[in-house]
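Chemist: Can you keep this structure in mind? I'll have questions shortly.
The values are calculated or read from the model by the stated rules, or taken from the named source; none is laboratory data. The shown structure was predicted, so the numbers you read here are calculated from the model rather than taken from an experiment. Here the Cβ positions follow ideal geometry from the backbone for every residue, glycine too, while neighbour counts run over all protein chains shown. Accessible surface areas use protein heavy atoms only, side chains included; no ligands, DNA or RNA. Shrake-Rupley method; radii C 1.70, N 1.55, O 1.52, S 1.80 Å.
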Amino acid sequence: MLNKSDIISKILSEKSRTPHSEKGSVYAPANIALCKYWGKRNEILNLPMTSSLSISLQEKGSHFAFEVVDTEDVLHLNEKIISAEDPFYQNLFSFIGLFRKSHSPRLHIRIHSTIPIAAGLASSASGFASVVKGLDALYGWHLEPWELSILARLGSGSACRSIWPGFVEWQKGIREDGMDSFGVPLDLTWPALRIGLLLVSCEKKNISSRKAMALTQENSPLYRAWPKQVTQDLDAIKIALANQDFRDLGEASERNALIMHKTMMAATPSIDYSTPQTHEYVQQIWQLRQEGLSIYFTQDAGPNLKLLFLENTEAEVVQAFPQIEIIQPF
Ligand code: DP6
């Protein structure tokens, strides 16, 4: 069975593992899947059962700054020092440890996330994508974006879509080593599209998406139907994007999210990321739609909702949800 280091060696081969720049900074956007990734064919390399498609969130994401130091590794997250015992510190530096030689210089890393961490808001996707972009700058590798996408996937599957702005399709690939499983940016924009972040809670979720995904795949009787559903929804979303047909886009995206959540609810033990507030918002969205407002939602591994609507309905959406944060992806 291949491990992460085997894939890193394939991509980096003879490239340097000694710093090329003393300091630098990079950025990667968060992304929201319109057609979800839920289930793996290889848990070590984060190879997915299905392809998926996302939209990147422009200025919501992770800023990653590094500086070579002659002390121990230091980490600041949102301007606060993180102790070496903290799981966030340990996860980050064990990922970085896959790339650097044990004797290579230590780093002072500052991560500034403009999106709440670990509340199903894709902070780990932008986080890992920013780390691989940062390492590329630190070591002067000049990797191709698709290679960065593969490296980011080794940190967290959805991170492979956070290398680019705009719409990105993660093509699942069929190879055992996953060298054909990476993000591909779609050559289209949609300037009128808006994403609204409707926060319910920013508390850490009680089950990680990684564990929830594994459990769903292991024993949800509904999971058998999921890959076929994704194929249909992905096709519908790509056609809707090509035609700039907002209704079709919204319907397919909302259906895909709902089916993902129903599929995990059917696992034992059942997985439910929604709170009563989430359900209330969903009812409100459906009510607004019945009244003629073209608004849809999607939901990831957390209680928060992401609304999809167009520029010309922005005022009505803000009136219905005054607390909403609006993102203009293009
Ligand atoms: C619901 O990418 O966080 O957001 O690969 O185990 O790190 P790992 O999972 P992760 O899962 C994201 C799940 C999702 C759907 C999506 O973004 O496609």
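Chemist: From the list ALA267, ALA315, which residue is open to solvent by less than 20 Å² (accessible area, probe 1.4 Å) and on the phi < 0 side of the Ramachandran plot?
Modeler: None of the others qualify; the one that does is ALA267.
Chemist: Taking the stretch 8-48 on its own, how many of its residues are on the phi > 0 side of the Ramachandran plot and out of contact with any strand residue (DSSP E or B) (no Cβ under 8 Å at 6 or more places or on another chain)?
Modeler: 1
Chemist: Looking at (1) at pLDDT 95 or above; (2) over 17 Å from ILE55 (Cβ atoms), which is the one condition that is false for PRO303?
Modeler: (1)
Chemist: When the stretch 270-312 is examined, which residues are found to be open to solvent by 40 Å² or more (accessible area, probe 1.4 Å) and among the aromatic types (Phe, Trp, Tyr)?
Modeler: Once the filter is applied, which keeps residues that are open to solvent by 40 Å² or more (accessible area, probe 1.4 Å) and among the aromatic types (Phe, Trp, Tyr), the stretch 270-312 yields only TRP286.
Chemist: Collect the residues in the stretch 64-82 that are touching a helix residue (DSSP H, G or I) at 6+ places or on another chain (Cβ under 7 Å) and under 21 Å from THR114 (Cα atoms), keeping them in residue-number order. Walk me through how you get there before you give the answer.
Modeler: So in the stretch 64-82, the residues touching a helix residue (DSSP H, G or I) at 6+ places or on another chain (Cβ under 7 Å) come out as 64, 66, 73, 75, 77, 82.
Correct list: PHE64, PHE66, LEU75, LEU77, ILE82.
Chemist: So, of the residues in the stretch 136-176 that are part of a loop (DSSP other than H, G, I, E, B), small (Gly, Ala, Ser) and within 13 Å of the ligand (Cβ to nearest atom), which turns out to be most open to solvent (accessible area, probe 1.4 Å)?
Modeler: To start, the set of residues in the stretch 136-176 that are part of a loop (DSSP other than H, G, I, E, B) comprises 140-144, 156, 162-166, 172-176.
Still in the running and small (Gly, Ala, Ser): 140, 156, 162, 166, 173.
Filter again for within 13 Å of the ligand (Cβ to nearest atom), leaving 156, 162.
Working: SER156: 15, SER162: 0 Å².
Among residues in the stretch 136-176 that are part of a loop (DSSP other than H, G, I, E, B), small (Gly, Ala, Ser) and within 13 Å of the ligand (Cβ to nearest atom), the one most open to solvent (accessible area, probe 1.4 Å) is SER156.
Chemist: Does ILE115 fit the bill of being within 27 Å of TRP38 (Cα to Cα), aliphatic (A, V, I, L, M) and modelled with pLDDT of 95 or more?
Modeler: Working: within 27 Å of TRP38 (Cα to Cα): yes; aliphatic (A, V, I, L, M): yes; modelled with pLDDT of 95 or more: no.
Judged against the criteria, ILE115 is not a match.
Chemist: Restricting attention to the stretch 250-270, does a residue exist that is away from the ligand (no atom under 16 Å from the Cβ) and under 22 Å from ASN31 (Cα atoms)?
Modeler: Scanning the stretch 250-270, I find at least one residue that is away from the ligand (no atom under 16 Å from the Cβ) and under 22 Å from ASN31 (Cα atoms), so the answer is yes.
Chemist: Further question: Please verify whether SER181 is within 19 Å of the chain's Cα centre (by Cα), farther than 18 Å from SER9 by Cβ, among the hydroxyl-bearing types (Ser, Thr, Tyr) and not assigned by TED's automatic domain parsing to the domain that holds TYR296, treating the condition exactly as stated.
Modeler: No: the conditions fail for SER181.
Chemist: Please specify each residue of the stretch 276-308 satisfying the condition of being of a type outside the set (Ser, Thr, Tyr), farther than 13 Å from GLY196 by Cα and in contact (Cβ under 8 Å) with a residue 40 or more places away in the chain. It would help to see each step written out before you state the result.
Modeler: First, pick out the residues of the stretch 276-308 that are of a type outside the set (Ser, Thr, Tyr): 276-277, 279-280, 282-293, 295, 297, 299-308.
Subsequent filtering for residues that are farther than 13 Å from GLY196 by Cα retains 276-277, 279-280, 282-284, 286-293, 300-303.
Hits for the stretch 276-308 are GLN277, ASP300, ALA301, GLY302, PRO303.
Chemist: Quick test of your reading of the structure: ALA242 fulfils all but one of (1) over 24 Å from ILE55 (Cα atoms); (2) exposed (fewer than 14 other Cβ atoms within 10 Å of the Cβ); (3) not basic (Lys, Arg). Name the failing condition by number.
Modeler: (1)
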